[in-house]
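The values are calculated or read from the model by the stated rules, or taken from the named source; none is laboratory data. What you are looking at is a predicted structure, and each value in this text was computed from that prediction instead of being measured. In this analysis, Cβ positions are derived from the backbone assuming ideal geometry, glycine residues included, and neighbour counts consider all displayed protein chains. Note: areas computed on protein heavy atoms with side chains; ligands, DNA, RNA excluded. Shrake-Rupley method; radii C 1.70, N 1.55, O 1.52, S 1.80 Å.
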Amino acid sequence: MITRKLVFIVIPATFLMISFLHSCSSSTSVSNKKTAINFSADTSVTDIEGYLYVIENTDEDKNRTTIPTISRFRPDGNLEWKVEYDNSSVKVTGVLITLDELNRPWAVFHVNGDSGSSNYIRVKHVSENAFKNVYQPLYGTGGETNISLIARINSSNGIIEKATFLSSQLSNGNSNTLEVLAVGVNRRTVHVQAESAFTPPYPGSSYVPHPHATHLRDCNFFPIQIGLDIDLNFIKTSKVFTMKQLLDEPYSAWYPSCERRY
């Protein structure tokens, strides 16, 4: 006959409590604590591997609009690639470039006009699905307006992988100016601060007029902060500020006088 001995192990209560708390905290993936958003309006940025990205604009001659470009430089300073994103009759300006938590570059352009040219920013250097299933793949009519284009850039070759336009809208449905001034990519959200000349967009997968943007207050524009999901499918959050509210925020693209900080 086989005799089995029972062995009792005494574990201190404090150890059990520590283990329990550790297992609970490790199962929590998202904290309720408000996460700071690091907004940027820089025209150059260096990633964790030492690669430098620079967005700039060049003039071909005095009679045409600027040509927006992004360049990537190796850690040794040598140019790896340089991409022209528009060479059409449309006025397109490269505004800023930043990085997300996955080390991917994001750029903002201001676009004034539309074109069917193969040199237009929407078709010149983009992936096949860049403008598919995004919040605003196109924008309607509207003259002399600055529409923003937010784009995720492929770090290997400079191709626009995913992009959406952002615009305000007149009461007649025409597009109007919305200029993104600063961007902060945080977790699953692309946050932007922008000046909207007319009614800015409200959360949703297509344009809905913002119900709290009924009349201009402190400035001759609506200061707005918009949060898009990371794939640019829809607007998650949209907040119109007064200058008083901006003074209480830890980040702002404007001074209290409505002047741009960036």
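A quick yes/no check of all residues on (1) outside any strand (DSSP E or B); (2) open to solvent by less than 10 Å² (accessible area, probe 1.4 Å); (3) among the basic types (Lys, Arg):
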site: 192; (1), (2), (3): no, yes, no
site: 195; (1), (2), (3): no, no, no
site: 207; (1), (2), (3): yes, no, no
site: 211; (1), (2), (3): yes, no, no
site: 215; (1), (2), (3): yes, no, no
site: 220; (1), (2), (3): yes, no, no
site: 224; (1), (2), (3): no, yes, no
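From the list 164, 145, the one residue that fits, being under 19 Å from residue 230 (Cα atoms) and either polar (S, T, N, Q) or in a strand (DSSP E or B) (or both), is 164.
Residue by residue, here is whether (1) open to solvent by 40 Å² or more (accessible area, probe 1.4 Å); (2) more than 21 Å from residue 72 (Cα to Cα); (3) of a type in the set (Ser, Thr, Tyr) holds:
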site: 102; (1), (2), (3): yes, no, no
site: 107; (1), (2), (3): no, no, no
site: 124; (1), (2), (3): yes, no, no
site: 128; (1), (2), (3): yes, yes, no
site: 147; (1), (2), (3): no, yes, no
site: 156; (1), (2), (3): yes, no, yes
site: 160; (1), (2), (3): no, no, no
site: 176; (1), (2), (3): no, yes, no
site: 180; (1), (2), (3): no, yes, no
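Of the strands (runs of 3 or more DSSP E) lying entirely inside the range 60-125, those carrying at least 1 residues that are under 23 Å from the mean Cα position of the chain (by Cα) and among the basic types (Lys, Arg) are 66-73, 79-84, 91-99. All conditions in (1) loosely packed, with under 15 Cβ neighbours inside 10 Å; (2) touching a strand residue (DSSP E or B) at 6+ places or on another chain (Cβ under 7 Å) hold for residue 57, with the sole exception of (1).
Listed by first and then second residue, the pairs linking a residue in the range 96-109 that is free of Cβ contacts under 8 Å to residues at least 24 places away in the same chain to a residue that is assigned to a loop (DSSP other than H, G, I, E, B) and of a type outside the set (Asp, Glu), with Cβ atoms under 9 Å apart and 6 or more places separating them unless they lie on different chains, form an empty list. How many residues, within the range 130-145, are polar (S, T, N, Q) and surrounded by fewer than 16 Cβ atoms within 10 Å (Cβ to Cβ)? Counting residues in the range 130-145 that are polar (S, T, N, Q) and surrounded by fewer than 16 Cβ atoms within 10 Å (Cβ to Cβ) gives 2. The condition (being modelled with pLDDT of 95 or more and of a type in the set (Lys, Arg)) is satisfied by just one residue among 104, 4: 104.
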